[in-house]
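Okay, so here's the structure we're looking at.
The values are calculated or read from the model by the stated rules, or taken from the named source; none is laboratory data. Predicted model, so just to flag it, every value in this text is computed and none were measured. Ideal geometry is used to build each Cβ from the backbone, glycine not excepted, and the neighbour counts take in all protein chains shown.
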Amino acid sequence: MNQEKFDQVFEDLSAQRRKVLLRFLAGEKDLAIAASLFIEESTVRKHIQEICDAFKCEPDESRSKRPDLIALFRKYKPELVPEGNFAITSEVDVGKTAEVEESSHLVNGLPPKQQDGKEQCQRGVFIPDKRCRTVWGRDNLIETVLYRLTDSQQPSILSLCGPAGYGKTEAASEVARAALQRNLFADVLWVIARQTELVNDHISQKSQLEALNWNQFLNQIAHQLHCPVERVQQRLREEKRLIVLDNAETSDVEDILANIVKMLNPSRVLLTSRLKTKAQYVGLIPIQGLEEQSSYRLLHDEAIYNNIPALIQASDEQLHRVHELSCGAPLALHFIVGRVWDDQALEPVLSALQQASGEVEIFYQFSLETAWQRISDTAKSVLHYMGQADAGVTWAELSGAWGVLESDWNKTRRDLKRWYLIEDVQDTKGNQRYDLHPWVRSSVRGGLVDKWQLSLQQKEQIAKWKFDIDI
């Protein structure tokens, strides 16, 4: 395998496999990787096996492909392999850990709750995957939210509020995972409200009927509790559960909160929202941009991971300007990485930031407009289609409804990921899906970058695949 082939295979790895790979290369054991990523140990072993296969590793005398994988990375990407990482698990060890797993049944890095000798449903099923490999600079925020959620003197509803792209969902998902790891809550119920468009801090008129309402919210909670809606209040009062309403600004939030607050004790609600709710029974926790050192660490980590010399070699003065002009917003920082990666230079990106004058949403627009000008027509088509979907899409949907060829999709996915426009996610059944950041989705829906409409032929193709009907 040469450097070019190695880089292509590495870039094509899904986000989840990259997370597993990085921890494996750092010397973590399978069990520790499973716990940190909230997956089962057998899933870790499967990922590593398939990563080895992707890199065409050959087994050595120990009948394990893992040493060859580490040797390959020492040759082509040595910065990801710390010196002294010799912790290789042989197939004999894998067999032993499989026996341990049979007895422990880790779910999301946690053993399932037991009651009367019967195994209960796994917890936190709907908590979204991490969008970033590492959540930088949010430790104090996460501890603050956890403290206030578990303090009986605090309101039973808290709102994590702040501008778009400041990492509210990422912080909330870290709170949710920590709450389960520490057994602070019996379960986490996660509801996403994002079907509508927010225009000038209000749900657009054309989207009013699409906004998540109280009955829809209640039905989603009942579904996750495996009970009829009539029993939701009982279930929320018999055990302490955490409900997260993500992107609450695009829901009928005031009505939802007025109803759910009557059901809570001892359960709690955490919102993520771009807007501050006016309800007196809601505690507000503003989210700020990252501190300067955390911004540096995020940029350096992405630069090393993606081999971007212009960022790796950036001066302290340049990094300081990036932090100031981006306001430390994680989405802005990732867009900066994408621009620098494509330009192979930092100064043009700093000029674009300077034009935005510290208004991060203006910089988001610059970034998306620049990306739109440079990506392929297939990538534009995929981005537009994903923008109209209310959730992540699968490869089967893109190929069936949109007619994207596999050869085109591999290049398109790399193109969109290079600009940080799409994310790899997994649904509750472990299926690979592709999703957009909510700001990117609302921008595509609102026609910020492009005003083109679907052709009749494209509409017919989607209808045929999804509903098996002819228009």
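General observations
- Inter-residue pairs, beta-carbon under 6 Å, first in contact (Cβ under 8 Å) with a residue 60 or more places away in the chain and in region 381-399, second assigned to a loop (DSSP other than H, G, I, E, B) and not hydrophobic (A, V, I, L, M, F, W, C), 6+ apart: 390/195
Yes/no per residue for (1) under 23 Å from residue 11 (Cβ atoms); (2) surrounded by fewer than 16 Cβ atoms within 10 Å (Cβ to Cβ); (3) in contact with a His (Cβ under 6 Å, 6 or more places away or on another chain):
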{"position": "319", "(1), (2), (3)": "no, no, no"}
{"position": "349", "(1), (2), (3)": "yes, no, no"}
{"position": "363", "(1), (2), (3)": "no, no, no"}
{"position": "367", "(1), (2), (3)": "yes, no, no"}
{"position": "377", "(1), (2), (3)": "yes, yes, no"}
{"position": "403", "(1), (2), (3)": "no, yes, no"}
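- Apart from one condition, residue 398 fits all of (1) surrounded by fewer than 20 Cβ atoms within 10 Å (Cβ to Cβ); (2) over 27 Å from residue 307 (Cβ atoms); (3) at pLDDT 70 or above; (4) under 25 Å from the mean Cα position of the chain (by Cα); the exception is (1).
- Region 352-380: number of residues that are farther than 22 Å from residue 439 by Cβ and free of Cβ contacts under 8 Å to residues at least 24 places away in the same chain: 1
- Scanning region 182-201 for residues that are modelled with pLDDT of 90 or more and not aliphatic (A, V, I, L, M) returns 182, 183, 185, 187, 190.
- Residues (surrounded by 14 or more Cβ atoms within 10 Å (Cβ to Cβ) and free of Cβ contacts under 8 Å to residues at least 40 places away in the same chain) located in region 1-20: 17, 20
- Here residue 193 does not fit the description of being farther than 30 Å from residue 297 by Cβ, surrounded by fewer than 21 Cβ atoms within 10 Å (Cβ to Cβ) and either outside the structural domain of residue 304 (by TED's automatic domain parsing) or in contact (Cβ under 8 Å) with a residue 24 or more places away in the chain (or both).
- Scanning region 133-178 for residues that are assigned to a loop (DSSP other than H, G, I, E, B), small (Gly, Ala, Ser) and in contact with a Ser or Thr (Cβ under 8 Å, 6 or more places away or on another chain) returns 137, 156.
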